[in-house]
Amino acid sequence: MFCSWLTRLNRGLAPPTARVAPPVWGRLSGRRGLSSQRSVPELSSFVARTNTCGELRSSHLGQEVTLCGWIQYRRQNIFLVLRDFQGLVQVLIPQDESAASVKKILCEAPVESVVQVSGTVISRPPGQENPKMPTGEIEIKVKTAELLNPCKKLPFEIKDFVKKTEALRLQYRYLDLRSFQMQYNLRLRSQMVMKMREYLCNLHGFVDVETPTLFKRTPGGAKEFVIPSREPGKFYSLPQSPQQFKQLLMVGGLDRYFQVARCYRDEGSRPDRQPEFTQIDIEMSFVDQTGIQSLIEGLLQYSWPNDKGPVGIPFPSMTFAEALASYGTDKPDTRFGMKIVDISDLFRNTEVGFLQDALSKPQGTIKAICIPEGAKYLKRKDIESIRKSAADHFDQEVLPVFLKANRSWNSPAAKLAAEEQGPELMARMEVQEAGVVLLAAGEHQRACSLLGKLRLECADLLEARGVLLRDPALFSFLWVVDFPLFLPKEENPGELESAHHPFTAPHPSDIHLLHTEPEKVRSQHYDLVLNGNEIGGGSIRIHDAQLQRYVLEMILKEDVKLLSHLLQALDYGAPPHGGIALGLDRLICLVTGAPSIRDVIAFPKSFRGHDLMSDAPDFLPPEDLQPYHIKVSWPADSEAGKNPLNHPHHPES
């Protein structure tokens, strides 16, 4: 497996140089290593090596080289494979007595020890070439060797194909980073970010501005981390995003801002979420929604890795209402079909009980999806699991109808539905041989959301059994637009909250509804979706202070004093402006095909938001908390609460 990563590293991220660099001291005396004009990066400037392990080829035959790296493995005390960030090279251990000291160093050094070797690039003997290895035509005949640092016994082997628990990988992250997969992921991330900077700053005049990470509490949105100050009762908050700062930069006339921004949310981690994460944050003045979308399409096209195929633009667009009706979600995976179809009209006179009940209600509908070859691949336990999932998560019934297969365990209701509307249902759903139709009935949004979830569950089941529905090499981008500006609060449906954030501008056609029916107002918010994952979101902002104050105070019932600085700024000649933020971690995760965003972050947190390597967060002794006027109140049922003297940081322990 490592050979494929190695090939991609050599081909896509660090093209091999075709020459040997000059001696290190000569390089240090000049400015050549700092030149921005060099088309091929100089990978051995300023250091003790002349070349990297992964760059040597038959074009280097006869050259004297010095390499530094880690011992990957050793064979028969004759061959040693040396590894650095760029790849592997085979080293020939000298066997003659005159080189006994060199042999001793290379044969006794434990695997993963750091060594420096000098020698000559020679051809491998005929028939011993390794075509799977980029350096497989050559090897290094060693003359001198130095053990730079021996390695103790490792908690796991540095090989991608060796199974390791994620907890172990995070505990020893500095070792996990040596793997080819992590090297590839982080270098590709660096490459894409650099191309994004080039596109934004060099080609389109954006200004890279760093914004503060110590801020104040923001109304609404996700929970924020609280940071104590030395002033009694006063706290900072870590910003969820630079949202207010980027808008204030537009008021300040910066015109075009971007930042590779660190953001924070006091929430538990998930495979696609971390308590601290990174955004490509962008804001522009005098722009509309089309302008932002065109900018992002060009940005991704420009920064896209060469080995992933070209990005076609413009990206297709879909309204929020269309996405919900056809896919049951606002982030649809458009790589495969199985769209939701409204079949209410086919069952107006049905005798199936729960379908009848649904249609008798004012907003009642019947929706369906077709699972291709479902009768062939889905087992009885799968159907039971699907029905249980619908009941547990949506409190709804789902009816599986096998139209072209006689299943003895099919329910009487499903048989009746098939008998009533079999041919019409087959035609409407375009059912092919062995297709299965899942019916759901109820209020439009609930029925669509249920089928949207089942659509993805069924795709997982089919793919687990060998059916290719979602091409892993396909990148399907989609804009989702025309979101509602407000949504009912889950805990209190009689009140409204922002669907995006409170600074999002209403759709020009719906502004008149703000004072009468705010729940019907569409927003100028847009999401960018890739393969069923939201990778970016933005909006045109409210730049009128009076309108912003009305939204905050009258509709969202927020304390406007918390945002007095922003409201005041909008009153001082704020230009129309808008922007977007791309989730960098999630984007790189999808590009690399990594199973989790933790695999594209150098030092991520665990599922619970802990740093397993350093054991953070950690306790602080009372004397360290005293300057911040904070005292820990231990829960009564905790060990420390029952007996604080037992706590390691108690002053008397």
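The values are calculated or read from the model by the stated rules, or taken from the named source; none is laboratory data. Because the structure is predicted, anything quoted here is derived from the model rather than measured. Glycine also receives a Cβ, built like all others from the backbone with ideal geometry; neighbour counts cover every protein chain displayed. Heads up: the accessible areas ignore ligands, DNA and RNA and are worked out on the full protein's heavy atoms, side chains in. Shrake-Rupley method; radii C 1.70, N 1.55, O 1.52, S 1.80 Å.
For the reader, a short list of remarks on this structure follows.
Results for (1) open to solvent by 20 Å² or more (accessible area, probe 1.4 Å); (2) touching a Gly at 6+ places or on another chain (Cβ under 7 Å); (3) polar (S, T, N, Q), shown as yes or no for each residue.
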{"position": "Gln279", "(1), (2), (3)": "yes, yes, yes"}
{"position": "Met284", "(1), (2), (3)": "no, yes, no"}
{"position": "Val287", "(1), (2), (3)": "yes, yes, no"}
{"position": "Glu297", "(1), (2), (3)": "no, no, no"}
{"position": "Val311", "(1), (2), (3)": "no, no, no"}
{"position": "Pro314", "(1), (2), (3)": "yes, no, no"}
{"position": "Ala321", "(1), (2), (3)": "yes, no, no"}
{"position": "Ser326", "(1), (2), (3)": "yes, no, yes"}
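- Residues in the range 432-472 that are among the hydrophobic types (A, V, I, L, M, F, W, C), closer than 18 Å to Leu355 by Cβ and not in a helix (DSSP H, G or I): Val436, Val437, Leu438, Leu439, Ala440, Ala441.
- Residue list for the range 63-116, restricted to those being touching a residue at least 24 places away in the same chain (Cβ under 8 Å) and either among the basic types (Lys, Arg) or open to solvent by 60 Å² or more (accessible area, probe 1.4 Å) (or both): Glu64, Trp70, Tyr73, Arg74, Asn77, Arg83, Lys103, Val111
- For the range 474-505, a residue qualifies if it is open to solvent by less than 70 Å² (accessible area, probe 1.4 Å) and farther than 19 Å from Asp527 by Cα, and the qualifying residues are Lys489, Asn492, Leu496.
- Comparison of Asp255, Asp208 shows that the only residue that is modelled with pLDDT of 95 or more, surrounded by fewer than 19 Cβ atoms within 10 Å (Cβ to Cβ) and on the phi > 0 side of the Ramachandran plot is Asp255.
- Residue ID - farthest from Gly609 (Cα to Cα), chosen from residues in the range 221-236 that are open to solvent by less than 70 Å² (accessible area, probe 1.4 Å) and more than 24 Å from the chain's Cα centre (by Cα): Gly233
- If only residues of the range 132-166 that are of a type in the set (Lys, Arg) and under 20 Å from Gly87 (Cα atoms) are counted, the one that is modelled with the lowest pLDDT is Lys159.
- Residues that are modelled with pLDDT of 90 or more, outside any helix (DSSP H, G or I) and touching a strand residue (DSSP E or B) at 6+ places or on another chain (Cβ under 6 Å) within the range 366-398 comprise Ile366, Lys367, Ala368, Ile369, Cys370, Ile371, Val398, listed in sequence order.
- Hey, Arg189 more than 23 Å from Arg256 (Cα to Cα) and either part of a helix (DSSP H, G or I) or among the polar types (S, T, N, Q) (or both) or not: yes
- Single match in Pro575, Pro595 (criterion: outside any helix (DSSP H, G or I), surrounded by fewer than 16 Cβ atoms within 10 Å (Cβ to Cβ) and at pLDDT 95 or above): Pro575
- All positions within the range 135-154 that are assigned to a strand (DSSP E or B) and of a type in the set (Ser, Thr, Tyr): Thr144
- Counting only residues that are among the polar types (S, T, N, Q) and within 15 Å of the chain's Cα centre (by Cα), the range 176-205 holds 2 of them.
- Residue match in the range 410-426 (condition: crowded, with 17+ Cβ neighbours inside 10 Å and under 35 Å from the mean Cα position of the chain (by Cα)): no
- Count of residues meeting criterion [open to solvent by 40 Å² or more (accessible area, probe 1.4 Å) and part of a helix (DSSP H, G or I)] in the range 521-572: 10
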